[in-house]
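Working notes for the structure below.
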Amino acid sequence: MEIVIVPDGAAIGELGAGIIAELLARKPAALLGVATGSSPLPVYAALARRVAAGEVSVDRLRVCQLDEYVGLPADHPQSYRAVIAAEVLTPLGLTGDSFLGVDGTAADLPAACAAYEAALAAAGGVDLQLLGIGTDGHIGFNEPCSSFGSRTRVKTLTARTRADNARFFDHPDEVPQHVVTQGIATISEARHLVLVATGEGKAEAIAATVEGPLAAAVPASALQLHPHATVIVDEAAASALKLADYFRSTYAAKPAWQSL
Ligand code: F6R
């Protein structure tokens with residue numbers, strides 16, 4: 001796992017967009033897994049700027065979702081399908097044809113989850129999965145004590161996650177209790193995991209993920225098992241890391257030939 005500590009969200013955005021740009025240069029039809037929420041927004045904005053400037057081509061890029069609320073129709077502004085359309089596809093000039101998603105309104109949710117797993121595999125697997133992290137250490141919506149062997153399935157959100165996400169809804173009760181999420185084993189199959197986090201509220205979860213024991217109670221600690229995982233955090237999210245100085249000096253001394 002490589003830990004990169006940068007000053008702020010804008011720097012995370014530039015670094016994240018740079019990683020995606022490098023991927024697209026080597027694989028124009030890459031499958032990019034996107035997280036929703038606040039943390040990755042600077043990455044999407046920085047990528048859109050590079051596309052608008054003609055520095056990066058996303059003509060063949062395909063985008064897939066990490067998770068989805070159960071019961072929100074696709075046209076609900078907070079369905080993750082709608083959020084990804086607004087924050088990723090449209091700014092990049094892509095249409096729904098480039099999108100691979102899971103139907104959180106399906107009558108048979110286990111079948112929809114299995115179909116999504118099959119669709120990801122048929123698409124050749126995820127090349128780069130962008131992740132945020134919950135204050136409770138979740139990735140996707142794999143809440144604490146999710147199995148490291150889990151696949152796409154229905155999960156129940158913790159009260160803490162529902163409270164954290166209430167800011168996106170008119171009323172806290174509107175945050176769905178249930179979600180569909182790629183499992184930890186599904187996420188771990190992506191060729192590169194890039195987790196981004198900002199703010200002191202994430203410091204404890206980041207420290208547990210990076211320096212704590214491998215534990216289902218901290219789902220993001222599964223990144224410790226991944227051969228290519230990059231964690232990009234601002235100073236506040238890095239504030240509980242005991243090895244912060246080591247991570248800073250390692251990144252400062254990174255050989256020019258070695259990309260993230
Ligand atoms: C949502 C997702 C979640 C969020 C996490 C952090 O697609 O994958 O794991 O990344 O809840 O959310 P923010 O970034 O809003 O703090």
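The values are calculated or read from the model by the stated rules, or taken from the named source; none is laboratory data. Keep in mind that what you see is a predicted model, and the values were worked out from it rather than measured. Note: ideal-geometry Cβ built from the backbone for every residue, glycine included; neighbour counts use all protein chains shown. Protein only, heavy atoms only, side chains kept; ligands, DNA and RNA dropped before computing areas. Shrake-Rupley method; radii C 1.70, N 1.55, O 1.52, S 1.80 Å.
Taking only protein heavy atoms and a 1.4 Å probe, what accessible area per residue, in Å², does region 150-195 have with all protein chains in place?
Averaged over the residues of region 150-195, the accessible area is 46 Å².
Given charges of +1 on the Cβ of Lys and Arg and -1 on the Cβ of Asp and Glu, with all other atoms neutral, how large is the dipole of region 163-241 about its Cα centre, in debye to the nearest 20?
340 debye
Which semi-axis lengths, in whole Å and largest first, follow from the square roots of five times the eigenvalues of the Cα gyration tensor of region 170-260?
26, 18, 13
Rounding to the nearest 20 debye, state how big the charge dipole of the chain is about its Cα centre with +1 on each Lys and Arg Cβ and -1 on each Asp and Glu Cβ.
For this selection, approximately 560 debye.
Taking the Cα atoms of region 31-96 alone, what are Rg (to one decimal) and Dmax (as a whole number) in Å?
Computed over the Cα atoms of region 31-96, radius of gyration and Dmax are 12.0, 39 Å.
Cα centroid distance between region 140-156 and region 118-134, in Å?
Here the two parts' Cα centres lie 15 Å apart.
Among 15, 54, 70, which residue has its Cα furthest toward the positive end of the charge dipole of region 1-100, with +1 on Lys/Arg Cβ and -1 on Asp/Glu Cβ?
Farthest along the dipole direction, towards plus: 54.
Could you grab the relative contact order for region 127-254? Cα pairs under 8 Å, six or more apart, rounded to a whole percent.
After rounding, I find 31 percent.
Give me Rg over Rh for the chain, both radii from the alpha carbons and Rh done the Kirkwood way, two decimal places.
Result for the chain is an Rg/Rh of 0.94.
Would you calculate, for the chain, the mean residue ellipticity at 222 nm contributed by helices, counting each DSSP H stretch of 4 or more residues as -39,500 (n - 2.57) and dividing by all residues, to the nearest 500?
-9000 deg cm²/dmol, from helical runs alone.
Run the quick spin-label model on residue 185 and residue 167: label points 7 Å from Cα toward the beta carbon, then report their separation in nm to one decimal.
According to this spin-label approximation, the distance is 3.5 nm.
Could you work out the local net charge near residue 7, counting Lys and Arg as +1, Asp and Glu as -1, over the other residues with Cβ closer than 13 Å to its Cβ?
Cβ neighbours under 13 Å give a net charge of -3.
Along the positive direction of the dipole of the chain (beta-carbon charges: Lys, Arg +1; Asp, Glu -1; about the Cα centre), which of 42, 252, 106 reaches farthest?
My answer, from the dipole projection, is 252.
For region 1-71, what is one quarter of the convex hull surface built on the Cα atoms, given in nm²?
6.0 nm²
Quick one: with all protein chains in place, what share of the accessible area of region 59-207 is carbon or sulfur, to the nearest percent (1.4 Å probe)?
Reported share for carbon and sulfur atoms: 53 percent.
Might you report the magnitude of the Cβ-based charge dipole of region 50-89 about its Cα centre, with Lys and Arg at +1 and Asp and Glu at -1, to the nearest 20 debye?
Charge dipole of region 50-89: 140 debye, to the nearest 20.
Whole percent per 5 Å bin, from 0 to the bin with the longest distance: what is P(r) over all C-alpha pairs of region 104-225?
Taking all Cα pairs of region 104-225, the binned fractions are 2, 11, 20, 22, 21, 15, 7, 2, 0 percent.
Got a sec? Charge dipole of region 154-223, +1 on Cβ for Lys and Arg, -1 for Asp and Glu; which of 165, 205, 186 is way out at the positive end?
186
What whole-number value in Å² describes the accessible area per residue of region 9-104 for a 1.4 Å probe?
Heavy-atom SASA per residue in region 9-104 reads 40 Å².
Going through the DSSP H helices of the chain, which span 18 Å or more along their own axis at the Cα atoms while scoring at least -1.0 as a mean Kyte-Doolittle hydropathy?
9-26, 109-122
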